[in-house]
Amino acid sequence: MTTPCLPAPAALLIVTAFLCSASGVTSAGGVNSASGEKPASGADTIYRCRMPSGHVEFRQFPCSGDATETLPAYHPTPAQTLPMALVSDAERARLEQADRQRRAEQVQSDAARGQARRSAARQRAQRSAACLMARAGQKSLARQRRKGYSLAEARDLDRRERELAAAERDNC
């Protein structure tokens, strides 16, 4: 059952008819009281149903029970565009120039990003290679110390060990 639009005094009749037609509320017979039309079925009508638990649901089909209200479906219109005839030649040329400039800036930006990525990748590869070299040098230094060395070579081995530890700390 739909919520009826009740008749009102003459002064309020026009307002009531307008509100009923704008909200899509129909009279008890299912006829829109403002226009005299029956509500459309299917996708053109939405039913607002108050459930026994108290919450509200919106459906495509009528609800069972007395708590049904009929609403018109909303159909948005597509965006309107200006025909190109309304745009002057000077304006069209300015728009095309701006579009070309935007595309050129995008190409430059893409090239700069690619160059930055390649540079970062190159730096990572260099650091990785330096890390591997430092670790290999430390292994070689450890072998040299195990093999034995003279007192004169000790200072040189200590210096090399500090250099390799710094290189590993910086690159690994």
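Restricting attention to the stretch 116-138, which residues are basic (Lys, Arg) and within 16 Å of Leu164 (Cβ to Cβ)? Lay out the reasoning, then the answer.
Of the residues in the stretch 116-138, the ones basic (Lys, Arg) are 117-118, 122, 124, 127, 135.
Listed by number, the residues that qualify are Arg127, Arg135.
For residues in the stretch 75-99 being over 30 Å from Ile46 (Cβ atoms) and exposed (fewer than 10 other Cβ atoms within 10 Å of the Cβ), which is modelled with the lowest pLDDT? Steps first, please.
In the first step, residues of the stretch 75-99 are kept if they are over 30 Å from Ile46 (Cβ atoms); the result is 82-99.
Still in the list and also exposed (fewer than 10 other Cβ atoms within 10 Å of the Cβ): 82-86, 88-90.
On the way: Leu82: 57, Pro83: 63, Met84: 60, Ala85: 64, Leu86: 68, Ser88: 80, Asp89: 84, Ala90: 86.
Looking at the filtered set, the residue picked out is Leu82.
The values are calculated or read from the model by the stated rules, or taken from the named source; none is laboratory data. Everything numeric in this text was worked out from a predicted model, so none of it was measured. No Cβ is skipped: glycine too gets one built from the backbone with ideal geometry, and neighbour counts run over all protein chains shown.
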